[in-house]
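Here is the structure we will look at, set down as structure tokens.
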Amino acid sequence: RATLLLSRCLLKMVKGNIVVPEDILSFCCNGLQGSTSPPRAREPGEREEAPGAMASPPAAHNPTEVQMSQLVLPCHTNHRGELSTGQLLKWIDTAACLSAERHAGCPCVTASMDDIYFEHTISVGQVVNIKAKVNRAFNSSMEVGIQVSYEDLCSGKHCSICKAYATFVAQGPLGSKVRLEPLIPQTEEEKIEYSIAAERRRMRLVHKDTLKDLLTSSPQETELETRDGSGAVPAGRTRVESVELVLPPHANHQGNTFGGQIMAWMENVATIAASRLCHAHPTLRAIEMFHFRGPSQVGDRLVLKAIVNNAFKNSMEVGVSAEAYGQEMSVSRRHINSAFMTFVVLDQQGQPRTLPMVAPEPGDGERRYREASARKKIRLDRKYVVSCKQTEVPLSVPWDQSNKVYLSYNNVSALKMLVAKVNWALAREKEKVRMYTLEEDKFLSFRIEMSVCIPASRAFSLLSNLRRRHEWDSHYVSAELVQKVDDDDMIYHVVSQKLRNENKPQDFVILASRRKPCSKGDPYVVAFRSVTLPTHPARAEFTRGETLCSGFCIWPESEEMSKVAYYNQAMPGYLTYVTTNVAGLSSDICSTFEACEKFLLKNKEDLISRLQDF
């Protein structure tokens with residue numbers, strides 16, 4: 001500081017034509033260039049900065065991200081001193097809404113909340129940390145991902161509570177829909193969530209059809225489970241009906257009833273219904289999708305109904321609904337929301353207790369009883385196939401009518417997750433064909449790509465038909481279409497050539513799932529994974545092979561040009577073949593992809609010729 005002040009005085013003296021002594025001038029110059037005092041000793045653990053080093057730039061921040069931290073007070077808890085699930089749902093919905101409105105720039109309302117599985121309870125004095133951010137924006141709706149964890153301030157322990165996905169709709173004046181700007185993901189995690197959001201949206205839309213198909217294919221008779229102990233409890237004894245008057249504190253900033261408040265009221269009556277069955281205090285373990293069918297306003301009366309639909313050995317499903325009406329009783333009630341909640345009763349060791357059976361009411365009660373059994377199977381399928389980490393999912397998952405939606409979701413999302421990885425390294429380049437590798441803890445994946453002069457939609461149609469793959473892939477001997485699940489999913493029995501050191505050809509049962517772009521910039525996707533079918537067990541004349549994740553992504557580059565990329569997570573029996581190609585000791589993979597290009601170009605020309613003849 002002294003050197004700086006002296007230098008300023010020196011500058012004024014020079015400007016005023018005052019002669020400056022040489023020793024003072026020398027001291028000032030030395031002081032400006034660097035202090036002559038010894039360097040400051042570094043503190044323990046302090047790193048030395050390299051000359052010219054600058055602070056590292058901060059990580060990219062998602063502008064839609066909202067973080068909320070709440071200290072759990074006694075007023076937030078139940079009789080056990082644990083955070084009420086209803087209160088947690090309020091906080092979750094608030095954080096998600098704030099994130100959605102950051103992106104939309106206008107008011108947003110909750111349209112739905114996906115399944116939530118609660119892993120732990122939270123006690124008084126602990127802190128709830130909620131992080132919400134928009135994963136993807138569609139036309140007028142957007143998906144918000146929410147992560148909830150708790151923090152123990154005394155021990156410093158952090159633990160995950162749940163993960164949820166909520167759909168919000170942006171609203172303009174008089175409730176009109178607002179067209180949203182697209183969201184541009186930045187990090188690898190954001191790109192993965194962005195890509196899979198389209199698949200989750202597709203799964204939401206077909207959820208009702210999945211339940212209907214399962215009920216159609218299952219026996220129509222209602223069979224009561226036989227269980228040791230007392231007789232079945234009539235479901236009517238668990239029925240709960242409660243009314244709430246919507247007051248200003250229950251409304252959001254738009255004057256509508258706060259979605260989180262409605263969910264909290266629904267959780268309250270569902271808990272009462274569950275308690276009436278087991279005569280104990282139940283614990284909420286899971287919530288099946290909340291779906292908001294319409295708004296309610298301040299002054300409305302909300303009628304909340306709950307009943308135990310079915311009781312399994314260690315858990316029970318409670319159905320709950322919310323209806324609204326105004327001051328005039330003559331006006332019919334409006335259905336606002338409905339959900340299904342799964343409860344357990346824990347003993348002193350924290351283990352689920354055996355529950356009494358439920359005797360359903362005739363008519364609608366029997367329908368709800370059967371639907372609860374179907375939903376339990378769907379939940380198990382969904383948790384088994386979708387919620388598990390990819391490495392925990394068995395390679396060949398049994399396929400049946402009830403889990404077809406979730407297997408298809410897992411198939412496509414696994415490929416999209418692989419595509420979104422950022423650490424791909426260029427391994428080989430042969431003319432137009434480029435080969436990349438991705439090394440992870442348990443997998444070696446490869447990607448091979450090139451640009452082809454063919455419209456993306458045409459390449460998509462050709463490459464999604466496995467029955468024609470033998471025309472360009474010499475490893476394929478045949479592919480038989482076993483079952484057409486729907487227009488987007490098909491199951492094939494594939495026979496391939498013998499592997500090195502094998503004396504029998506391989507066969508696969510493969511689910512092929514294809515998706516057209518959801519919005520501009522998305523690729524065409526053709527995903528493959530192994531499944532098992534009772535009609536096609538392993539046979540002695542083949543070595544049964546499996547594939548966990550592979551498939552094509554096709555990006556339009558122009559009306560006549562496409563970038564075609566093939567991805568594969570190499571299985572152990574396939575590794576030697578892949579590494580030989582990566583090391584340059586073989587060009588078989590590149591040659592196969594060049595044959596693929598010729599196949600695409602030939603069939604493009606055949607199509608043009610047929611159109612000209614027509």
Next item on the list: Looking at (1) more than 20 Å from N62 (Cβ to Cβ); (2) among the aliphatic types (A, V, I, L, M); (3) under 21 Å from the mean Cα position of the chain (by Cα); (4) assigned to a strand (DSSP E or B), find the lone condition where L89 falls short.
Entry: (4)
Next item on the list: Can you tell me which residue among R467, R458 is surrounded by fewer than 19 Cβ atoms within 10 Å (Cβ to Cβ) and within 21 Å of H536 (Cα to Cα)?
Entry: R467
Next item on the list: Take T94 and decide whether it is assigned to a strand (DSSP E or B) and either touching a Pro at 6+ places or on another chain (Cβ under 8 Å) or polar (S, T, N, Q) (or both).
Entry: no
Notebook entry, point to check: Looking at the range 372-390, is at least one residue among the acidic types (D, E), assigned to a helix (DSSP H, G or I) and at pLDDT 90 or above?
Noted result: no
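Would a scan of the range 47-56 turn up a residue that is at pLDDT 90 or above and either outside the structural domain of A264 (by the TED database) or not small (G, A, S) (or both)?
As a first pass, look at the range 47-56 and keep what is at pLDDT 90 or above: none.
No, the conditions are met nowhere in the range 47-56.
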Checklist line | Within the range 80-136, considering residues that are of a type in the set (K, R) and over 24 Å from L153 (Cα atoms), the one least open to solvent (accessible area, probe 1.4 Å) | finding: R136
Checklist line | Among residues of the range 149-174, those that are of a type outside the set (K, R), open to solvent by 40 Å² or more (accessible area, probe 1.4 Å) and over 19 Å from K133 (Cα atoms), counted | finding: 8
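Rundown of residues vs (1) in contact with a helix residue (DSSP H, G or I) (Cβ under 7 Å, 6 or more places away or on another chain); (2) under 25 Å from R285 (Cα atoms); (3) aliphatic (A, V, I, L, M), yes/no style:
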residue: Q126; (1), (2), (3): no, yes, no
residue: V134; (1), (2), (3): yes, no, yes
residue: E151; (1), (2), (3): no, yes, no
residue: Y165; (1), (2), (3): yes, yes, no
residue: F168; (1), (2), (3): yes, yes, no
residue: G175; (1), (2), (3): no, no, no
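Listed residues A324, A306; which is modelled with pLDDT under 95, part of a strand (DSSP E or B) and open to solvent by less than 10 Å² (accessible area, probe 1.4 Å)? Quick ask: steps written out before the conclusion?
Numbers: A306 fails: modelled with pLDDT under 95.
That would be A324, the only listed residue that is modelled with pLDDT under 95, part of a strand (DSSP E or B) and open to solvent by less than 10 Å² (accessible area, probe 1.4 Å).
The values are calculated or read from the model by the stated rules, or taken from the named source; none is laboratory data. Just so we're clear, the structure is a prediction, and the values are computed from it rather than from any experiment. Note: ideal-geometry Cβ built from the backbone for every residue, glycine included; neighbour counts use all protein chains shown. Side chains included, ligands, DNA and RNA excluded: accessible areas come from the protein's heavy atoms. Shrake-Rupley method; radii C 1.70, N 1.55, O 1.52, S 1.80 Å.
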